[in-house]
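The values are calculated or read from the model by the stated rules, or taken from the named source; none is laboratory data. Everything numeric in this text was worked out from a predicted model, so none of it was measured. Glycine gets a Cβ as well: all are built from the backbone with ideal geometry, and neighbour counts include every protein chain shown.
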Amino acid sequence: MTRKLPPLQLVRSVMKSFIKESGLEPRLLGPHFRVTDAVAGKVDFELDIAKDHTNRLKILHGGTIASMVDLGGSLAVASMGLYATGVSTDLNVTYLSSGGKVGDKISGTAICDMMGRRLAYTSVTFRNAAGELAARGSHTKYVANAWKEQESLFVPPDGAEIDEDD
């Protein structure tokens with residue numbers, strides 16, 4: 001049996017699926033990444049920066065931020081009610097200032113700017129521990145097949161992990 005879930009609960013369920021089923025997210029972000037809030041069309045998250053997230057200058061690696069643009073865009077799509085979040089068609093990142101160093105926290109906000117039957121357009125912004133805009137990105141997702149997999153909003157497929165405490 002499936003049931004409707006509020007955005008935060010659905011987004012956290014989708015995130016758990018990424019951690020369980022993906023090769024990248026559990027290795028790169030693992031327990032350091034948290035979804036802190038979600039409403040329809042908007043997801044807030046944060047990452048505690050560890051050594052694995054840094055470059056040889058000992059600051060947050062641009063690839064870590066790019067991966068979070070990808071993940072953040074997917075979570076923004078999930079906040080709109082899709083458990084299956086589609087596939088990437090385009091991803092862009094602009095780096096504006098340092099994201100931080102080991103021990104710092106970087107915060108992100110992902111927005112679903114527009115959701116159609118075929119494409120979803122998302123934008124993600126990142127703020128460093130000082131509150132400065134560190135990076136911004138955009139992520140376009142092909143979602144036509146995701147809509148086919150799901151008939152109504154906020155309903156994960158049967159068997160999806162649902163944490164009643166989220």
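Here are the numbers for the structure shown:
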{"item": "First in region 95-106 and over 15 Å from LEU57 (Cα atoms) and touching a residue at least 60 places away in the same chain (Cβ under 8 Å), second anywhere and assigned to a loop (DSSP other than H, G, I, E, B) and not charged (D, E, K, R), Cβ under 8 Å, 6 or more apart", "result": "ILE106/ILE49; ILE106/GLY99; ILE106/GLY100; ILE106/ASN128; ILE106/ALA129"}
{"item": "Output for region 63-78, where each listed residue is in contact (Cβ under 8 Å) with a residue 40 or more places away in the chain and surrounded by fewer than 24 Cβ atoms within 10 Å (Cβ to Cβ)", "result": "ALA66, SER67, ASP70"}
{"item": "Among (1) crowded, with 23+ Cβ neighbours inside 10 Å; (2) over 20 Å from SER138 (Cβ atoms); (3) at pLDDT below 95 - the single one LEU82 does not satisfy", "result": "(2)"}
{"item": "Contacts under 9 angstrom Cβ, first residue in region 24-44 being touching a residue at least 40 places away in the same chain (Cβ under 8 Å) and more than 11 Å from ALA110 (Cα to Cα), partner among the aliphatic types (A, V, I, L, M) and in a helix (DSSP H, G or I), 6 or more apart", "result": "LEU24/LEU71; GLU25/MET15; GLU25/ILE19; GLU25/LEU71; LEU29/ILE19; LEU29/MET68; LEU29/LEU71"}
{"item": "Checklist (1) touching a His at 6+ places or on another chain (Cβ under 8 Å); (2) under 24 Å from GLU21 (Cβ atoms) applied to GLY63, failing item", "result": "(1)"}
{"item": "Residue in region 61-71 that is touching a Phe, Trp or Tyr at 6+ places or on another chain (Cβ under 8 Å), under 26 Å from ALA130 (Cβ atoms) and of a type in the set (D, E, K, R) present", "result": "no"}
{"item": "Filter result (at pLDDT 95 or above and among the acidic types (Asp, Glu)) within region 24-54", "result": "ASP37, ASP44, GLU46, ASP48, ASP52"}
{"item": "Filtered residues of region 1-59 (kept if among the hydroxyl-bearing types (Ser, Thr, Tyr) and within 25 Å of MET80 (Cα to Cα))", "result": "THR2, SER13, SER17, SER22, THR36"}
{"item": "THR89 buried (at least 18 other Cβ atoms within 10 Å of the Cβ) and not small (Gly, Ala, Ser)", "result": "no"}
{"item": "Considering residues of region 21-51 that are of a type in the set (Lys, Arg) and either within 14 Å of MET68 (Cα to Cα) or touching a Gly at 6+ places or on another chain (Cβ under 8 Å) (or both) only, the residue surrounded by the most Cβ atoms within 10 Å (Cβ to Cβ)", "result": "ARG34"}
{"item": "Residue check, GLY62 closer than 15 Å to GLY108 by Cβ and small (Gly, Ala, Ser)", "result": "yes"}
{"item": "Residue match in region 96-116 (condition: modelled with pLDDT of 95 or more, surrounded by fewer than 16 Cβ atoms within 10 Å (Cβ to Cβ), hydrophobic (A, V, I, L, M, F, W, C) and within 28 Å of ILE49 (Cβ to Cβ))", "result": "yes"}
